Amino acid sequence: MKILVIEDDPTVGQFVKRGLEEQRWVVDLVADGEAGERMAGSGAYDLIILDMRLPGRSGLDVLNGLRGRGFASPVLVLTAQDAVDAKVATLRAGADDYVTKPFAFEELLARVEALARRPRAIASPTLRVADLELDQATHEVRRTGERIELTPKEYAVLEYLMRHAGRVMSRTLITEYAWGYHFDPGTNIVDVVINHLRKKVDARHEQKLIHTVRGVGYVVKA
């Protein structure tokens, strides 16, 4: 796997580059956003590790630029901002995952490995599982062509599950994505939203797409 690290801090950049190379991956390191976006756009990389605070062109601008041109490879964001709004903005711009600085390399490696196991994304804003379609550009959801009205939280949970179709996602991960919590809120809020989604997405169809894996979480699959 070939990885591009876009990070202006030389200490962090070399730390990440060296650690990934020890895993026998090919790693290029670039220190500014404009050059990083140009290199990423070449299509030579299987995964991008992108810092948010870059000189010249911010990480968020780079991410928006790449996704706007149909760049489909996974992007893992490095951010010093712990605010929920900042993280949500990166995910909505097209980031596949993020790591908050300071971070342990083991965490970064685990997230890189998880992204590497995923099939390469299709450069389309529409997610599809069987006859269920979710348009990430318009936020429209349809099944067998019929539009489904969802609340913002229902949409966020369904989008997250469909982006990871076929993979079981834990309640903790769903909560972190949809609500920004980094801890167990002590409620069954995820289960409530999943129940609402089942009524809207699955209830009138013989084929069920939203599945529970007991003790683990939820998965969307045909």
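The values are calculated or read from the model by the stated rules, or taken from the named source; none is laboratory data. Because the structure is predicted, anything quoted here is derived from the model rather than measured. Counting neighbours? That spans all protein chains shown, and the Cβs are built from the backbone with ideal geometry, glycine included. When the accessible area is computed, the model is the full protein with side chains, heavy atoms only, and any ligands, DNA or RNA have been set aside. Shrake-Rupley method; radii C 1.70, N 1.55, O 1.52, S 1.80 Å.
So which of Gly59, Gly65, Gly36, Gly19 ends up being in contact (Cβ under 8 Å) with a residue 24 or more places away in the chain, closer than 19 Å to Arg92 by Cα and in contact with a Leu (Cβ under 9 Å, 6 or more places away or on another chain)?
Gly59
Can you spot a residue in region 87-96 that is modelled with pLDDT of 90 or more, within 22 Å of Thr175 (Cα to Cα) and basic (Lys, Arg)?
The answer is no; no qualifying residue exists.
Suppose we keep only residues that are aliphatic (A, V, I, L, M) and at pLDDT below 90 within region 66-81. Which one would you say is farthest from the chain's Cα centre (by Cα)?
Restricting to residues being aliphatic (A, V, I, L, M) and at pLDDT below 90, the top hit is Ala80.
Name the single residue that is farthest from Arg118 (Cα to Cα) among those in region 62-98 being polar (S, T, N, Q) and open to solvent by 20 Å² or more (accessible area, probe 1.4 Å).
Gln81
Please state which of the following conditions Leu161 fails to meet, knowing it meets all the rest: (1) touching a residue at least 24 places away in the same chain (Cβ under 8 Å); (2) surrounded by fewer than 19 Cβ atoms within 10 Å (Cβ to Cβ); (3) closer than 16 Å to Val129 by Cβ; (4) under 16 Å from the mean Cα position of the chain (by Cα).
(2)
Scan region 40-57 residue by residue and report those that are within 15 Å of Phe71 (Cα to Cα) and touching a strand residue (DSSP E or B) at 6+ places or on another chain (Cβ under 6 Å).
Matches in region 40-57: Ala40, Tyr45, Asp46, Leu47, Ile48, Ile49, Leu50.
Hey, can you tell me all the residues within region 139-156 that are in a loop (DSSP other than H, G, I, E, B) and either farther than 15 Å from Val193 by Cα or in contact with a helix residue (DSSP H, G or I) (Cβ under 6 Å, 6 or more places away or on another chain) (or both)?
His139, Glu140, Thr144, Gly145
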